[in-house]
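Reviewing the structure listed below.
Read-outs throughout are calculated quantities, based only on the coordinates presented, and are distinct from any laboratory measurement. All values derive from a computational prediction rather than experimental measurement. Please note: Cβ atoms are built from the backbone with ideal geometry, for glycine as well, and neighbour counts cover all protein chains shown.
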Amino acid sequence: MPRSFAALFAVLYLPIEAPAISADETLPIFDAHVHYSEGAWLSYDPRAVIELMDRAGVTRALVSSTPDDGALMLYKQDPRRFVPILRPYRSAADIHGWHQDPVVLAYVENRLQTGIYRGIGEFHLLDESQVGTPQIARLVELAVDGDLVLHVHCDAGPVHALFALNPKLKILWAHAGVFASPAEIGALLDRYATLWTELSLRAPDIDPGADLEPEWRALFLRHPTRFMIGTDTWTTSRWAEYVPLVQQHRAWLAQLPEAVARNIAHRNAERVFGGRK
Ligand SMILES: [Zn+2]
């Protein structure tokens, strides 16, 4: 088709064919919960991951991986987009005993020396008793001294126990506690000024039908600077769903006042982890 005819075709048909772009579809997203773990490497190379993010409108992402080399692969491919944090799992087996394993702690201390990491995590703590080990005490010390954010998958108990070790700690609470209610989340945010939370896995709770739940809306309006978006690509199949996962979040973001939606979409994460350079 001659170029002039193609242009005419576009002018005639695009306004009819293409849906109007609303503000929510253009909001840049900072995805604060990405894993690029070994199982995904063969199916999605770093360029394929970036292509998915471009399609989803994700301009920046917090990434950790099992093993950590996955996070470094993405960071090397696009250091302006990816913020690496160090996961203390050399393999999936470390998930069970890492909090009391001196070998894992030595691995963490050694890797942190590269100076590229903005945090440690995502790691799992089953309950507050797991916080009472010499290894976690040292991890907290490393985090405060190095201004590193801890990305923690746990319920409210370990959040209290970690802040009891050092109130200067910065915590990104994974999945807003997975099962925590808006009232529980609000109480923790009221109490700890350096607690943030990301909302991976929570879109069905926040917006179960076509409407944002009133309790969640009230929470976002009360703490507009403390929430971030997350997808959690914890297993390879999550990458196939990546664009719809982001779209799920956009559906409820679009129901908030624009300034609050912008904070949650990207500004809160940029304040904590830095913007795109
Ligand atoms: Zn998690």
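Starting from the alpha-carbon convex hull of the chain, give the projected area averaged over all orientations, in nm².
16.4 nm²
Taking springs between alpha-carbon atoms closer than 10 angstrom, which of Arg191, Arg226, Arg118 fluctuates most in the Gaussian network model of the chain?
In the Gaussian network model the winner is Arg191.
Using 18 Å as the cut-off for backbone N distance, which residues of segment 117-159 belong to the label zone defined by a point 7 Å from the Cα of Gln100 along Cα→Cβ?
It comes to 124-140, 158, nothing else.
Hey, what angle do you get for helix 3-17 against the long axis of the chain, alpha-carbon based, 0 to 90 degrees rounded to 10?
70 degrees
Report, to the nearest 10°, how far helix 242-253 tilts away from the longest principal axis of the Cα atoms in the chain, using its own Cα long axis and a range of 0 to 90°.
Computed tilt is about 90 degrees.
Taking Cα atoms, how many degrees apart are the long axis of helix 182-191 and the longest axis of the chain, rounded to 10 and kept between 0 and 90?
Long axis of 182-191 versus the principal axis of the chain: about 60 degrees.
Based on the Cβ-Cβ distance from Ala210 to Ser237, what FRET efficiency comes out when R0 is 22 Å, to the nearest 0.05?
E between Ala210 and Ser237, to the nearest 0.05, is 0.25.
Considering the chain as a Gaussian network with a 10 Å cut-off on Cα pairs, which listed residue, Val104, Val149, Val83, attains the greatest mean-square fluctuation?
Val104
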